[in-house]
Amino acid sequence: MNNRNWIERDLRVLWHPCTQMKDHEWLPLVPISRGEGVWLYDFEGNRYLDAISSWWVNLFGHGNPKINMALRDQLAKLEHVIFAGFTHEPIIELSERLTSLAPEGLTRCFYADNGSAAVEVALKMSFHYWQNQGKTRKNRFVTLSNSYHGETLGALSVGDVALYKKTYKPLLMDCITVPAPDCYLRDEGESCTEVAQRMFLHMKKVLEEHADTICAVIVEPLVQCAGGMRMYDPVYLRLLRDACDVYGIHLIADEIAVGFGRTGTLFACEQADVSPDFLCLSKGLTGGYLPLSVVMTHESVYQAFYDDYENLKAFLHSHSYTGNPLACRAALATLDIFDEENVLETNRQKAALLGSLLEPLLDHPHVAEVRQRGMIAAVEMVKDKRKKTPYPWQERRGLKVYQHALSQEMLLRPLGNVVYFMPPYVINEQQITDMVGVAARGIELATAK
Ligand SMILES: *Cc1c(COP(=O)(O)O)cnc(C)c1O
């Protein structure tokens with residue numbers, strides 16, 4: 001079977017995520033037969049360098065031998081078991097390891113099977129905690145503008161990317177949206193730290209005024225990924241943690257995208273020396289192998305639900321595939337690689353190379369900003385560089401970069417006008433150089449006229 005056959009069969013029966021399917025009348029779908037390291041191979045011998053880690057999930061390459069081996073072993077033992085009333089080895093070990101690695105005090109793990117579900121769990125848990133504490137007026141959440149927390153109705157409610165949210169507005173809960181400390185929006189001469197401090201005043205005011213009705217503030221620490229890889233200074237998280245403590249409000253850190261070394265530290269919160277009340281993890285958790293997510297929280301939260309059955313304080317949330325043993329085993333193998341291979345240090349060198357290769361793009365007449373935090377880098381294409389006027393979304397400039405990249409054996413998938421890099425950590429120096437070269441040429445083509 002060649003690519004064409006697979007595409008035809010796909011388009012007869014499938015409906016792809018985050019896709020206007022009509023685009024595939026002219027934009028070829030890419031059927032993949034196998035993956036190895038940073039490479040994805042189609043059915044006709046073409047290959048693509050996966051510069052976005054297959055939607056930010058992959059850490060150590062496709063077909064990673066260590067993870068493969070762990071999964072084979074697990075498969076011979078136990079594929080799945082109900083996780084209420086029963087338990088298993090991989091999930092106990094994983095939880096022990098996660099609690100030892102996570103920021104201070106996060107001693108309890110509650111599992112789900114994808115990022116959005118983890119966000120739902122954190123929101124419900126926070127609300128329910130306050131209910132159990134007799135704080136029954138607390139029923140609202142605070143979120144940052146341009147944030148993204150997933151696609152299910154609760155997660156969508158606390159997000160703020162209009163493209164995904166607007167249609168469903170009538171179905172969503174009402175949240176308080178506070179302007180983000182996005183450093184791209186800085187005033188002239190202002191530093192990222194100053195933007196964060198200045199923007200925090202908006203947050204402080206909201207928390208001060210509505211403390212008695214707010215359950216939690218939810219943030220993506222350091223990088224708003226789906227919102228266009230917009231970044232902000234760690235000082236904001238520090239200020240937010242302190243204010244949440246002062247006003248008796250939970251802090252939910254959604255590290256679904258930025259966790260597991262993406263921003264340079266194992267968890268992004270570490271850069272602000274902050275421990276949230278709820279930490280949501282998914283994506284890289286299994287090295288990009290299997291769907292799994294976890295919400296980590298404090299013992300005091302756990303204790304607020306711990307009571308005699310008749311008092312009806314239990315957290316009765318569940319998903320059929322909660323804590324799937326295969327997924328947990330993949331996660332354990334992923335953590336083994338972090339232990340054995342000095343990943344964060346190697347990443348620092350790779351990130352430095354990526355940053356230096358991207359620097360010349362700053363001079364491009366249609367590039368307003370090149371930003372980076374660890375193994376995430378982004379280039380903001382604009383119509384007018386001085387005024388930072390964006391290209392109209394209808395022009396789909398980013399899509400032109402995507403198409404150019406595909407023609408050059410590369411998977412880049414810009415978010416609107418933002419060309420970004422989020423490669424698997426196993427990418428080598430030559431591949432980083434190629435990746436930037438292809439992107440630079442793509443940006444050239446996409447911004448020409
Ligand atoms: C991807 C993402 C989610 C949603 O995770 P899914 O597994 O796609 O549901 C939530 N929050 C952040 C920050 C994400 O990047």
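The values are calculated or read from the model by the stated rules, or taken from the named source; none is laboratory data. Remember, it's a predicted structure, so these values are computed and weren't measured experimentally. Cβ placement follows ideal geometry from the backbone for every residue including glycine, while neighbour counts extend to all protein chains displayed.
Summary table below
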| read-out | value |
| --- | --- |
| From the options VAL121, VAL161, VAL178, residue that is surrounded by 14 or more Cβ atoms within 10 Å (Cβ to Cβ), under 28 Å from PRO390 (Cβ atoms) and within 16 Å of the ligand (Cβ to nearest atom) | VAL161 |
| Filter result (under 25 Å from the mean Cα position of the chain (by Cα), surrounded by fewer than 24 Cβ atoms within 10 Å (Cβ to Cβ) and more than 14 Å from the ligand (Cβ to nearest atom)) within region 284-300 | HIS298 |
| Where a residue in region 102-125 is more than 20 Å from ASN139 (Cβ to Cβ) and its partner, wherever it lies, is within 10 Å of the ligand (Cβ to nearest atom) and of a type in the set (D, E, K, R), with Cβ under 6 Å and at least six apart | SER116/GLU151 |
| Enumeration of residues in region 351-399 that are free of Cβ contacts under 8 Å to residues at least 12 places away in the same chain, among the hydroxyl-bearing types (Ser, Thr, Tyr) and closer than 13 Å to ASN417 by Cβ | THR389 |
| Residues being touching a strand residue (DSSP E or B) at 6+ places or on another chain (Cβ under 8 Å) and either more than 19 Å from VAL81 (Cβ to Cβ) or surrounded by fewer than 18 Cβ atoms within 10 Å (Cβ to Cβ) (or both) - total across region 92-116 | 10 |
| Qualifying positions in region 23-54 - surrounded by fewer than 20 Cβ atoms within 10 Å (Cβ to Cβ), in contact (Cβ under 8 Å) with a residue 12 or more places away in the chain and assigned to a helix (DSSP H, G or I) | HIS24, SER54 |
| Test: TYR321 is among the aromatic types (Phe, Trp, Tyr), away from the ligand (no atom under 14 Å from the Cβ) and either over 18 Å from PRO424 (Cβ atoms) or assigned to a strand (DSSP E or B) (or both) | no |
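Residue-by-condition table, conditions (1) at pLDDT 95 or above; (2) more than 13 Å from the ligand (Cβ to nearest atom); (3) within 25 Å of SER145 (Cβ to Cβ):
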{"site": "ALA243", "(1), (2), (3)": "yes, yes, yes"}
{"site": "TYR247", "(1), (2), (3)": "yes, yes, yes"}
{"site": "LEU266", "(1), (2), (3)": "yes, yes, no"}
{"site": "SER275", "(1), (2), (3)": "yes, yes, yes"}
{"site": "SER282", "(1), (2), (3)": "yes, no, yes"}
